[in-house]
1. Where Rh denotes the Kirkwood radius from the mean inverse Cα pair distance, what is Rg over Rh for region 13-54?
2. Antiparallel DSSP bridges in the chain: what percent, to the nearest 5?
3. Just name one of Val98, Ile23, Phe152: the one whose Cα is farthest towards the positive end of the charge dipole of the chain (beta-carbon charges, Lys/Arg +1, Asp/Glu -1).
4. Taking the Cα centre of region 87-219 as origin, sum charge times position over the Cβ atoms of Lys and Arg (+1) and Asp and Glu (-1), and report the length of that vector in debye to the nearest 20.
5. Which stretch or stretches of region 164-191 have amide N atoms under 15 Å from the point lying 7 Å from Asn9's Cα along the Cα→Cβ direction?
6. Just grab the label-to-label distance for Glu83 and Thr199, each label 7 Å out from Cα along the Cβ direction, in nm (one decimal).
7. Just to be sure I understand: with springs between alpha-carbon atoms less than 10 Å apart, which residue in Ile114, Ile146, Ile164 has the highest mean-square fluctuation in the Gaussian network model of the chain?
8. How far apart, in nanometres, would the label points at Arg151 and Asn92 be if each is projected 7 angstrom from Cα along the Cα-to-Cβ direction?
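The values are calculated or read from the model by the stated rules, or taken from the named source; none is laboratory data. It should be emphasised that the depicted structure is a prediction, and the values quoted were computed from it without experimental measurement. Backbone-built Cβ (ideal geometry, glycine too); neighbour counts: all protein chains shown. Heads up: the accessible areas ignore ligands, DNA and RNA and are worked out on the full protein's heavy atoms, side chains in. Shrake-Rupley method; radii C 1.70, N 1.55, O 1.52, S 1.80 Å.
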Amino acid sequence: MITIQYLKNYEEMSRYVATLVSIRIQSGEPFNIGTPTGGTPVGMYKELVAKNLNWNKVHTFNLDEYVNIDHQHPQSYHNFMWENLHKYVDTNIHFPHVEYDTEIGAAGGLDLTILGIGTNGHIAFNEPGSEFGSTTRVVNLSQQTIVDNSRFFDSIDQVPTQAITMGLHTIMKSRQVLLIAQGQKKLDILKKALWEKVTTEIPASILQFHPNLRVFYCD
Ligand code: F6R
């Protein structure tokens, strides 16, 4: 059975995951990492930046980006990554596009992917109903995701309704996956995804089949 590693608080979880990532960066080996946005990873990026590492051999592959949003928009994922990581480190930056899986493959595949989880069980923007064999593509965001993400926008009608996202297959091919979640509101879906039936209705449940998955949770 998959275990959920409970951390004392958000700072502890952020520090723990940042340390795991930094060990890989410090090894000096080429390192391809799938990078999330959203509220949960902010602390982890802060910890990583504070470590002053050499990111020259690292390639960051973002999980997703909204469609029809200016990259300069404060809530675009390009801007999120710039503000939280890319402006501080000299790394090789990649964002999703139609040939993303080919690009990832040509780079040697993802060594490690960090994921958050949506309250509906999405990972990246693979919403309920996504095929397990899916690759990078444009998707419609579910109403639940639009509502959840409206906290970052002035009003709900400003939330984009589509995104381009790595697929479930893209994620499953990553050699290692770290899933991070914070708050009671995530606990139910986390337990369902990891400990109940594997179903496309809960996209994160596919992670039960991943051979190298670690899950971190804090209240
Ligand atoms: C973001 C992403 C999403 C988020 C998820 C949780 O790049 O891929 O799957 O990880 O929506 O978001 P937060 O952390 O804001 O609760």
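1. Values: Rg = 10.1 Å, Rh = 10.6 Å.
Radius of gyration over Kirkwood radius for region 13-54 works out to 0.95.
2. In the chain, approximately 25 percent of DSSP beta bridges are antiparallel ones.
3. Checked the options; the winner is Ile23.
4. 400
5. Residues passing the 15 Å test: 183.
6. With each label placed 7 Å out from Cα toward Cβ, I get 3.7 nm.
7. Ile146
8. Between Arg151 and Asn92, the label points sit 3.6 nm apart.
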